[in-house]
Amino acid sequence: MRILLLGTEHKYQILGCSPGNQSMFSQTLRDLVKKYDVTLFAEELNKEAIEKRGGHDSIARIVSIDLGINHIFCDPTSKEREQLGIPSCKQIRESLGIHIYLKPDQDKQIKLLEAEERKYWGIREKFWLKSLQNQYFTCCLFILGSSHVQSFKKLLNMNNIDVLVVHENWMD
């Protein structure tokens with residue numbers, strides 16, 4: 001069992017969120033399938049997140065169908081997050097006294113929010129790992145937010161899983 005990690009911004013994963021880069025992302029996925037004989041695509045994403053971002057589908061899911069390989073979404077839904085004790089972004093904002101959506105110039109509040117969200121990353125990453133352990137594959141391409149690459153790699157290594165980072169931050 002081998003897992004390849006492709007870190008990126010989520011907007012590149014979602015059909016309809018970054019139109020100019022979709023064909024490049026799709027081609028990157030196709031190239032990696034050929035190079036590493038990938039038998040499974042897995043994503044830090046779910047249908048609910050795609051809809052919330054105004055997207056139509058996952059680029060990786062579309063490519064997997066075209067290539068005839070399996071695909072799974074691994075990120076917990078809002079209901080699963082609740083069961084895991086992970087607060088929603090709205091709940092985190094409210095707990096910090098941030099009652100509006102943040103703009104890019106609100107750097108201090110953005111960093112505070114990100115730090116609070118990071119407290120729950122371990123729970124989410126273990127959920128991803130469990131999702132993968134329920135699948136049969138020889139080589140999985142796992143697509144995730146670039147900020148998770150090193151911590152998820154460490155978790156995979158701790159579980160004696162062969163892991164290779166193929167892109168720390170695709171398109172950066």
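Each value in this text was obtained by applying a stated rule to the coordinates, not by laboratory testing. Just so it is clear, the model here is predicted, and its values are computed rather than measured. Neighbour counts run over all protein chains shown; Cβ positions are idealised from the backbone, glycine included.
Holding the Cα-Cα limit at 18 Å, pick out from K35/K126; K11/K34; K47/K119; K11/K47 the pairs that are longer than that.
Long pairs (Cα-Cα over 18 Å): K35/K126; K11/K34; K47/K119.
Exactly which trypsin sites (Lys or Arg not before Pro) in region 15-57 are in a DSSP loop and have at most 16 other Cβ atoms within 10 Å?
Hits after loop and neighbour filter: R53.
Could you work out how much longer the chain between S147 and Q133 gets when fully extended? Use 0.36 nm per residue separation minus the Cα distance between them, nm to one decimal.
That pair, S147 and Q133, stretches by 2.8 nm at full extension.
Relative contact order for region 63-172: what is it in percent, counting Cα pairs under 8 Å that are at least 6 residues apart?
This gives 22 percent for region 63-172.
To the nearest 20 debye, what charge dipole does region 20-172 have about its Cα centre, counting +1 at the Cβ of each Lys and Arg and -1 at the Cβ of each Asp and Glu?
That gives a dipole near 240 debye.
Let's test the formula: R0 of 30 Å, r as the Cβ-Cβ distance of T39 and K11. What FRET efficiency results, to the nearest 0.05?
Here the calculated transfer efficiency is 0.70.
For a paramagnetic label modelled at 7 Å from the Cα of M1 toward its Cβ, which residues of region 26-53 fall within the zone defined by backbone nitrogen distances under 16 Å?
39-43
At 0.36 nm per residue, and after removing the present C-alpha to C-alpha distance, how many nm does the segment from Q27 to E48 gain when stretched out fully?
Fully extending the segment from Q27 to E48 adds 5.1 nm.
How much length would be gained if the chain were fully extended between E80 and K154, taking 0.36 nm per residue of separation minus their Cα-Cα distance, in nm to one decimal?
24.3 nm
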